[in-house]
Amino acid sequence: MTAIQGFAAFRRRVLPRESTLTAGIVILSAWLLVALFCPWLAPYDPIAQDPSATLLPPNPAHPFGSDNFGRDILSRVMWGARIDLQICLIGVAFPFLLGTVIGAVSGYVGGVVDTLLMRLIDIVLAFPFLVLMLAIIAILGPGLGSFYIAMAMVGWVSYARLVRSQVLTLKHRDFVLAARSLGYSHGRILFFHLLPNALTSSLVFAMSDCVLVLLSGASVSYLGLGVQPPVAEWGVMVAEGQSFITTAWWITTFPGLAIVVLAMGFSFLADGLGDKWGARP
Amino acid sequence: MTLLQVSNLTIEDRLGTALVDGVTLSVDRGEILGLVGESGSGKTLACRAMMRLLPGDGLAIRGGEIRLNGADVLAYDDKRMMAVRGREIGMIFQNPASHLNPVMTIGKQIAEGRRWHFGASRREARQQAIELLRQVGIPDPARRVDNYPHEFSGGMRQRAMIAVALACEPKLLIADEPTTALDVTVQMQVLHLLRDLRDRLGLAVILITHDLGVVAQTCDRIAVMYAGRLCETGGKRQVLGAPRHPYTRGLIECQPSSDGGVGRMVTIQGQPPLAQRFPAGCRFHPRCGRATTECTSIQPEMRVDPGTDNHAAACHHAVSVTNRGMVHGQ
Amino acid sequence: MANSTYPLLEVENLSVAFPVSGGFGFGRRFVHAVNEVSLCIQAGETLGLVGESGSGKSTLGRAILHLERASSGSVRFEGRAITGGLPSDIAALRAQTAMIFQDLFSSLNPRQTIGEGIAEVLRVHGKAQGAAITARVGELLTLVGLDPEHATRRPQALSGGQCQRAGIARALAIEPRLIVADECVAALDVSIQAQIINLLMDLRERMGLAILFIAHDLAVVRRLCDRVAVMYLGRIVEMGPTHTIFDQPLHPYTSALVAAIPEIDPDRPLPADLLRGEPPSPVSVPAGCPFHPRCLHALPACGHGPAPELRHRADHAFACVLHDRSSDSIHPLTKGALQHE
Amino acid sequence: MHRFRFVLWRPIQLLPVLFGISVLVFVMVRSIPGDPARILLGVRSTPQAIARIRAQYGLDEPLWLQYFYFLRNLMNGEMGKSIIYRVDTLKLIDSRIQPTIFLVLGSVLLAVLIALPLATGAARYRGRLADHAIRLISTIGLGLPAFWLAIMVILLFSISLGWFPVSGYGSDWAERLHHLFLPCLTVALALSAVLTRNLRASLLMELQNDYVTAARARGLSENRIFWRHVMPNSLIPTINLLAVNIGWLIGGTVVIESVFAIPGLGQLLVKAIISRDYMVVQGVVLVFALATVAVNLIADLLTVALDPRVKL
């Protein structure tokens, strides 16, 4: 069996038929593998400086070239996958959990709780997303921890709004009325009947939100308020290469491309899942 | 005089299942034809085919002929077809709320047909829109012409949709379950309007419905469809008074009459088949009390009862005039 | 039965009002979806509740099962107060009542199989434990004419009629004494409608069920129900034994509804216009008799004052002033009888 | 008409939001650990200045009174002094706001110009090659980091081709337009990806509506149906989407202004954060929030004007 046949068989058996979903899964698993195995895959130490190999253009020894400290860009991009994937996952997990629970309870309970929550959401949404995050980071001080906290404080709003509107529509569907007429407790109705139905669109949104979180994390780091040098993070790398843009384009180009490809992976996954589940956030 | 003649119309989906199979129908000028069937019987699809507007992907007309005033509509190109739609054949739908553009005034939607098909000026079209609203029985049409669909009640919306269709002056109106979403008293008013339009304008109407009661009071002739095939056609009195096909009979009997009756209701056992699982032979045979082995394998043809004027049924065991007494005696 | 001295269900002067924002938020108005309704249902009895859209019949059905907050009046189930009742009273109501719905697919949780949905009822109400649950689920499915193997299907994989049967099986799992059936055959094909009606008849006979049958199809109501209540704009305008309501209606609205029943009789002409216009929105109920703008028999006095009271003649009640003049000899309003006066 | 009362009522409804914004901004600065007076004045504060600011903001009073002073100062146009620039924050903002406004307006204009034809093409040729290509491009566009895209655009148009200046703002109108084109393009490219995807989706949804079938059944041409019925109806949700994205867009300008060294509010904010110039941070955040609220208000009013179904 040739490799192509093998892949075809693998594709048939393991991967879903939808091409966008497949593309998303392939891109994301590739990055995941790189992130997990970068100590073995990366040809150089990402922060080891080599004064004899500064600002080298892409060549067989350094496929993506090297920067002004002689660090290998390829190795830094691979190690960067660790940090940036972590930014996506942690940056999405907290808002997702927080927002989903708050939105579901608020939509189900209604009344004063719901009104107050909607006002709070209006207020948070009145601030431009990145500006509010920067403001919170300004108070907490630069760093990845501050970024996660700011993300959780700002990001939950979208999930809460989404899940709340889902719960509000589902609440008036007959199966919820049926559940009430059968004497089920509120907890059972909310968590066993409403939430499983509301969750699909929230999950799809979380996947597309990964793109936003990734871009925000990289932007914050680019501005010098997130991940601090010399850690290999893509946004930091772009910032570091900016001063050499006229002479060494490769320092900024490759980490940027890495962001684009990872973001595409999440977008494809979100689109694919959305089509598959018929959920459009 | 025959206005529209459909012969052997067959519509298949992408998998080659015949959702409409060999349907033959005709409508005369000034005639109301009732096309009766349950959901999934292909009645709506057959009518959409007459306008060459099949919904969804992969559906295609695979055979048959549609002749409008003798001309073969299936041979028309898109441009000629556009002149048929609206202008020759108009259509109204079950749910006027969604079939009217929600952000355009009723008047503009009526006027659009006048402007598009007849090149009327803005002012003329508006006047004609008001006149049309009056014709379909909307009170205070000069004011209502500037209302949006959501400002109309259900029955008024249906009237407005009829006015939108009439604006193009069609010869044939296809009415797809026009009263199903309405209350009974309002349903009566809309049916009156359709009858009235037929009388005044000589409009031919195909009334698609699942309700035999509506058909009995409104139509001249009836065609009954089941699982994509025609099972019985004929005059209203023939089909309802002396049904020849067991499905027609079943439909009549399982609808309680207004005097209620007593005890358990007569039913047709089982349920209509899904398109992918249409049975071989007569498609009704799994639910039929009269079915024999012949029915399971051989598809029955539409046959006219020789003793009648065009009362046809597709059943191997169709009741004919000669042995009608037996059926009525139960 | 322990509480046999009480009727199974007693509704007294029940009103349900919904707030509608009047455009500015502070100009709050109320829609009286159900207005001062009184009725009662005996054990094993089937009461038909008919009316056009916006008549409040569905709201009344839900309010009876305490699924809608009543703004005034009371509901009693087996003598226990349900409106403003204790949680234990509500629990008693829930343990003996169930509901079946019009929307075949939306009434079943799309993420549950049919079996899981029924098993959940059995478990929550302690009707069966462990392996007995599966057996009972099969039993219930067979009872409503489904195959026990349908238990593993999701609602999307069933036809409309099968979904309705599954919904009935879930309702029966509770072993109810009262079922509220809200337009439960309206969305079904004619041939399936009759099957479901027959199923309800069978179950009623076998289990002594009382049914509140909410419908707009009068022919079906006539076949199934013992008594009928006619609603218009939130009020009951006529109520009585089925044959009286259909054969000798006293309210012009009832007589119009009866005359409008489509009949499969090719020789019967389309009835002449029976009513003027359409049911008005419940947001703006006309003064006086709410029906007077559409009534062909309306008197000048009908447009003023309070809505006419429901008056009782033996087991027949109606809310119309037309019969005041000759209160001792009432002429039923059959097919325009009043025109002959 | 009844529904136009909305025009009066909607701004009143916004009062709680405005109140919330002011509270949030107030709390934000007060929650920085340390002596507020010292924080507001920076490291080189004199005792006299500290005493003055304590009096002005009532820093020894209870918190709710402090909030009241904060509001009072705000009403008087007092937002404190920048510790870096040594001028009133309001004056500083006033001098920096113009480039940001033009950047936002230009970006929106460009983005709409890009998105409209793309979404139209994709929706009308659904499932064909053009549609797939447009979808792929817009998906890539979603994931473009603005700061990186800006550098790439500079690399291409300024350094390699030499068509546009690398950075700065310019002194007269022609120069400013020249300077602003690349930044606007950068923001527009990212924004148009979102717009294209959403407009395409809402066009396709409208095309599936029953009234489109009804219009076909009346013999209207596909062109007329699309431009007269489908497009106007799809633009209504798109206006709202655009408004929601204004917040995102303003965030984008923060980054873009830093990359292109445009002396706007975004750049001011980033510099203020880095140099802990909290009075400026507070002022700029407040201005951004008010601008977002205003844009959403305009979008709401537009929706009411365009969609007869919408009532309060």
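Taken together, the values in this text are just the output of simple stated rules run on the coordinates, not laboratory data. Just so it is clear, the structure is predicted and the values come from calculations on it, not from any experiment. Heads up, the Cβs are rebuilt from the backbone with ideal geometry, glycines too, and the neighbour counts pull from every protein chain shown.
Axis of helix A:19-41 versus longest Cα principal axis of chain A: the two differ by about 50°, to the nearest ten degrees. Considering all C-alpha pairs of chain A, those separated by over 30 Å amount to 43%. Beta-bridge orientation, the protein assembly as shown: approximately 60 percent antiparallel, per DSSP, counting only bridges with both partners inside.
Using the average count of surrounding beta-carbon atoms within 10 Å as a protection proxy, the listed peptides A:87-97, D:154-164 rank, highest first, as A:87-97, D:154-164.
Take the alpha-carbon centre of segment C:116-187, take the same for segment D:213-274, and report the distance between them in whole Å. Computed from Cα coordinates, the inter-centre distance equals 49 Å. In order along segment D:260-277, the phi-based Karplus estimate (6.51 cos²θ - 1.76 cosθ + 1.60, θ = phi - 60°) of 3J(HN,Hα) comes to 8, 6, 8, x, x, 5, x, 5, 4, 4, 4, 4, 5, 5, 5, 8, 6, 8 Hz; Gly and Pro are listed as x.
Working note: Karplus 6.51/-1.76/1.60 with θ = phi - 60° gives segment A:235-246 the couplings x, 4, 5, 4, 4, 5, x, 4, 6, 9, 4, 6 Hz, where Gly and Pro are set to x. The angle separating the long axis of helix A:144-171 from the principal Cα axis of greatest extent in chain A is about 30 degrees. Rounded to the nearest 20, the size of the Cβ-charge dipole of chain A about its Cα centre is 1100 debye, with Lys and Arg at +1 and Asp and Glu at -1.
Between the Cα long axis of helix D:173-207 and the first principal axis of chain D there is an angle of about 50°, rounded to the nearest 10.
For segment A:88-97, the Karplus equation 6.51 cos²θ - 1.76 cosθ + 1.60, evaluated at θ = phi - 60°, returns couplings of 4, 5, 5, x, 9, 4, 5, x, 4, 5 Hz by residue, with Gly and Pro reported as x. Normalised by the number of residues in segment D:79-182, the average gap of Cα pairs under 8 Å and 6 or more apart makes the relative contact order 13 percent.
Legend: residue pairs B:K43/C:K57; B:K79/B:K236; B:K79/B:K108; B:K108/C:K57, Cα-Cα distance threshold 27 Å; pairs beyond threshold, B:K43/C:K57; B:K79/B:K236; B:K108/C:K57. Averaging 1/r over each pair of different alpha-carbon atoms in chain D and inverting the result gives 22.4 Å, the Kirkwood hydrodynamic radius. Rounded to the nearest 20, the Cβ-based charge dipole of segment D:89-306 about its Cα centre (Lys and Arg +1, Asp and Glu -1) stands at 540 debye.
Near B:G42, the amide H atoms lying under 5 Å from its own belong to B:G228; only residues 5 or more places off or on other chains count, and H is placed 1.01 Å from N. Across peptide B:210-222, the mean count of Cβ atoms from other chains lying within 10 Å of each residue's own Cβ comes to 4. Take B:155-161, B:22-28, D:294-300 and order them by the average number of nearby Cβ atoms within 10 Å per residue, most first; the result is B:155-161, B:22-28, D:294-300.
Springs between Cα atoms under 10 Å define the GNM used for chain A, and in it the highest mean-square fluctuation of A:Y184, A:Y148, A:Y108 occurs at A:Y184. Using the Cβ of D:T139 as centre and a radius below 12 Å, the other residues enclosed give a net charge of +2, where K and R count +1 and D and E count -1.
Here the contact order of chain A, divided by its residue count and restricted to Cα pairs under 8 Å and six or more residues apart, works out to 26 percent. Ordered by the count of other Cβ atoms within 10 Å of each Cβ, fewest first, A:F254, C:F105 give C:F105, A:F254. Scoring D:65-75, D:264-274, D:136-146 by mean Cβ neighbours within 10 Å over their residues and listing the highest first yields D:264-274, D:136-146, D:65-75.
Neighbouring Cβ atoms from other chains, within 10 Å of the Cβ of residues in C:97-109, number 5 on average. Based on alpha-carbon atoms, the Kirkwood radius and the radius of gyration of segment B:102-167 give Rg/Rh equal to 0.93. Summarising the amide proton neighbourhood of C:I100: residues at separation of 5 or more, or on other chains, whose placed amide H is nearer than 5 Å comprise C:V180, C:A181, C:D182.
Out of B:E177, B:E31, B:E124, any idea which swings most in a Gaussian network model of chain B, alpha carbons joined below 10 Å? Maximum fluctuation in the GNM of chain B, among the listed residues, is at B:E124. Entry note, segment D:89-306: relative contact order of 28 percent, from Cα contacts under 8 Å with a spacing of 6+ residues. Grab the other residues whose beta carbon is less than 10 angstrom from that of B:I268, score K and R as +1, D and E as -1, and report the net. With Lys, Arg at +1 and Asp, Glu at -1, the neighbours total -1.
Over all pairs of different C-alpha atoms, the protein assembly as shown has a mean inverse distance whose reciprocal, the Kirkwood radius, equals 35.3 Å.
Amide H to amide H, with H built 1.01 Å from N, C:V20 comes under 5 Å of C:R29, C:F30, C:V31, counting only residues 5 or more places away or on other chains. What is the local net charge at C:H32, summed over the other residues whose Cβ is closer than 13 Å to its Cβ (Lys, Arg +1; Asp, Glu -1)? Combined, the nearby Lys, Arg, Asp and Glu give 0.
Distance between Cα centroids, segment B:216-262 to segment B:290-321: provide it in whole Å. One Cα centre to the other: 15 Å.
Look at the stretch D:281-289: the mean tally of other chain Cβ atoms within 10 Å of its residues' Cβ atoms is 4. Within the straight-line cut-off of under 13 Å between alpha carbons, the aspartates and glutamates reachable from D:K91 are D:E78, sequence neighbours fewer than 8 places apart in one chain being disregarded.
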